[in-house]
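Engineer: Got a structure here, written out as C-alpha cells. Questions coming.
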Amino acid sequence: MQQRWKQATQLVHAGHEKDPSGALVSPLYQSATFTFTSAEQGGRRFAGDEPGYIYTRLGNPTTNELERKLAVLEGAEAAAATASGMAAVSTALLTHLSQGDHIVASHAVYGCTYSFLTEHLPRYGVEVTLVDCKDADAVKAAITSKTKVLFFETPVNPHLDVYDISALSAIARQQQVVTIVDNTFMTPLLQQPIKLGADMVIHSATKYLNGHGDVIAGMICGSEAVIEKAKYEVLKDFGGVLSPHDAWLILRGMKTLDVRLSRHCASAQRIAEYLQNHSQVEKVYYPGLNDHQGNSLVGKQMKQAGGVIAFELRCDLAGSIAFVNQLKLWTIAVSLGDAESLIQHPASMTHSPYTPEQRLAAGISDNLLRISVGLEDSEDLIADLEQAFT
Ligand code: PLP
C-alpha cells in the first residue's frame, strides 16, 4: 500500500510503525547494543536463526525506519543508511568491486568522490576509466570485459551537466555492468533512477533529505540482495554506519521535503533567470534554462531542475572572489540543500582534490561559482546578489 501513496504522503508515513506507547512520532532508539534474554538467544541472533536486534552497527530500529522510508520513495527493494555521503559512495562501490575489476565513472563528480575513484580504488587494484557521460558512445567504448560498475551523478556537482539515466543504464545492462547513480542533487522527489533502469542509487543525505544543515549522512538503495551484501559484508566490517540520533533527525527533516523542494526549485529558476540576464554574468549553468545542455530532460527524467546553480562572472578569479566576499545574505559555505542559501568556489573548495588540469578536462573552470538556493524569499536573495555586483 505504501508504494501506491503519493510521495508527499510517503515522506510523512512510509516506513513508520505504530509505537505501542501511542507516541505520534517514532521514538529514538539511542542504544549501542540490545539485550538477550539468554546466551542461547544471543547465539541464535548471531547465527541468523532468530530475528531481532544485536548491536547498532548491525541494525537499529530508528535507522531501519529511515531505510524503509527511503527505499519506498526511490522505488527500491531496500536501503542502507551510512555515516556520510562518502560512506555511501565507498560502500556502494566496495560492495561491487574487487581487485582486478574495472569501473567506468563520470569525469566530473564531487571532489572527494573523485579522490576515492582516482586515489583509493587503484590502491586496491581496481582500474578506473573516467569519461564524459554526456557522450554515450564514449561510455560504451570504455566498458571492457572487466567492467563491473558504471558510476555517475546527475545533475553533476558542480557544473550541473545532465546525463541520460535510461540511455546509460541500458548500455551498462547490455554488458552486465551495474549502474550506480548519485541522486543527491535531485532526491527521489525529482528523479527516481531505479525506475529509469539504474541498479543502485546513493545519496548524501546531508543535503536535501535532511535539509537542515545539522547532520552528515548517506544512503544507498538497491535490490534486497545487494543491500544485504552492503550491510552485512561491507558496512559491518568497514563500520561507516549512521548514528540513530542522526537517522531520527533525517526522519524529521524528510517530512517537509516536498514543500521545501517546491520553494528551492521555484526560487532557483527565478535566480537563474536573473543571473542569465545580468550584464556581468558570462554563463549560467542550470538545467531549468532553455539553453542548458540537459534542458530537454527536465520534465522527463527529472521533474524539476533543483535548487543548485553554477555560474561564471565576466571577470577574472580575483573579481569572482571579491563578488563572493561582498555578499551579505548568502553564506560562504560548502554543502547544499539547507534552509540557508550558500555560495562556494568549487576550484578552491569542493573540487580542490582535482588538479587544475583534471578540473579543466572535467569542464570545471577556475572561475565557476556554485550556489545552493535556500528557503529565504527570492527577492531578498536577488537584492543581495545585485548589491554585490555594484
Ligand atoms: N555526492 C555528492 C553529489 C555531494 O555533493 C557530496 C557532498 O557534497 C557527497 C556525495 C558526499 O557527501 P557527504 O559530504 O555527506 O559525505
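Engineer: Before we move on, is Ser267 part of a loop (DSSP other than H, G, I, E, B), out of contact with any His (no Cβ under 7 Å at 6 or more places or on another chain) and at pLDDT 95 or above?
Structural biologist: Answer is no for this residue.
Engineer: In region 252-300, which residues are within 20 Å of Gly337 (Cα to Cα), within 20 Å of the chain's Cα centre (by Cα) and open to solvent by 10 Å² or more (accessible area, probe 1.4 Å)?
Structural biologist: Listed by number, the residues that qualify are Arg252, Lys255, Thr256, Asp258, Val259, Arg260, Ser262, Arg263, Tyr285, Gly288, Val298.
Engineer: Follow-up question, since we're still on this one. Can you pull out every residue in region 64-89 that is in a helix (DSSP H, G or I), within 16 Å of the ligand (Cβ to nearest atom) and either open to solvent by 40 Å² or more (accessible area, probe 1.4 Å) or in contact with a helix residue (DSSP H, G or I) (Cβ under 6 Å, 6 or more places away or on another chain) (or both)?
Structural biologist: Within region 64-89, Leu66, Glu74, Met86, Val89 qualify.
Engineer: Sticking with this structure for a sec: Tell me whether region 201-217 contains one or more residues that are within 16 Å of the ligand (Cβ to nearest atom), open to solvent by 10 Å² or more (accessible area, probe 1.4 Å) and on the phi > 0 side of the Ramachandran plot.
Structural biologist: yes
Engineer: Still on this structure, please answer the following. Hey, can you tell me all the residues within region 270-297 that are closer than 15 Å to Arg314 by Cα and assigned to a loop (DSSP other than H, G, I, E, B)?
Structural biologist: Within region 270-297, Asn277, His278, Ser279, Gln280 qualify.
Engineer: Outside the structural domain of Ser341 (by TED's automatic domain parsing), of a type in the set (Ser, Thr, Tyr), under 22 Å from His351 (Cβ atoms) and within 12 Å of the ligand (Cβ to nearest atom), is that true of Tyr163?
Structural biologist: No; evaluated as a whole, the condition is false for this residue.
Engineer: Further question on the same structure: Among the helices (runs of 4 or more DSSP H) lying completely within region 301-390, list those that include at least 2 residues that are away from the ligand (no atom under 16 Å from the Cβ) and buried (at least 16 other Cβ atoms within 10 Å of the Cβ).
Structural biologist: The helices (runs of 4 or more DSSP H) meeting that bar are 317-326, 378-389.
Engineer: Sticking with this one: Could you check Lys231 against (1) open to solvent by 10 Å² or more (accessible area, probe 1.4 Å); (2) within 16 Å of the ligand (Cβ to nearest atom); (3) of a type outside the set (Phe, Trp, Tyr) and say which number it fails?
Structural biologist: (2)
Engineer: Separate question: Is it the case that Ala225 is away from the ligand (no atom under 11 Å from the Cβ), over 26 Å from Gly374 (Cβ atoms) and open to solvent by 30 Å² or more (accessible area, probe 1.4 Å)?
Structural biologist: For Ala225, the condition - away from the ligand (no atom under 11 Å from the Cβ), over 26 Å from Gly374 (Cβ atoms) and open to solvent by 30 Å² or more (accessible area, probe 1.4 Å) - is met.
Engineer: Just give me the residues in region 166-191 being away from the ligand (no atom under 12 Å from the Cβ) and closer than 17 Å to Asn295 by Cα, in sequence order.
Structural biologist: Ser166, Ala167, Leu190, Gln191 - these are the residues of region 166-191 that are away from the ligand (no atom under 12 Å from the Cβ) and closer than 17 Å to Asn295 by Cα.
Engineer: Can you tell me which condition Ile194 does not meet? The list is (1) more than 16 Å from the ligand (Cβ to nearest atom); (2) without any contact (Cβ under 8 Å) to a residue 40 or more places away in the chain; (3) surrounded by 21 or more Cβ atoms within 10 Å (Cβ to Cβ); (4) of a type outside the set (Phe, Trp, Tyr), and all the others hold.
Structural biologist: (2)
Engineer: Search region 104-115 for residues being touching a Leu at 6+ places or on another chain (Cβ under 6 Å) and open to solvent by less than 10 Å² (accessible area, probe 1.4 Å), and hand back the single one that is nearest to the ligand (Cβ to nearest atom).
Structural biologist: This residue is Ala105.
The values are calculated or read from the model by the stated rules, or taken from the named source; none is laboratory data. The structure presented is a predicted model; accordingly, all values stated were derived computationally and were not measured. No Cβ is skipped: glycine too gets one built from the backbone with ideal geometry, and neighbour counts run over all protein chains shown. Just so you know, the surface numbers come from the protein's heavy atoms only, side chains and all, with ligands and any DNA or RNA stripped out. Shrake-Rupley method; radii C 1.70, N 1.55, O 1.52, S 1.80 Å.
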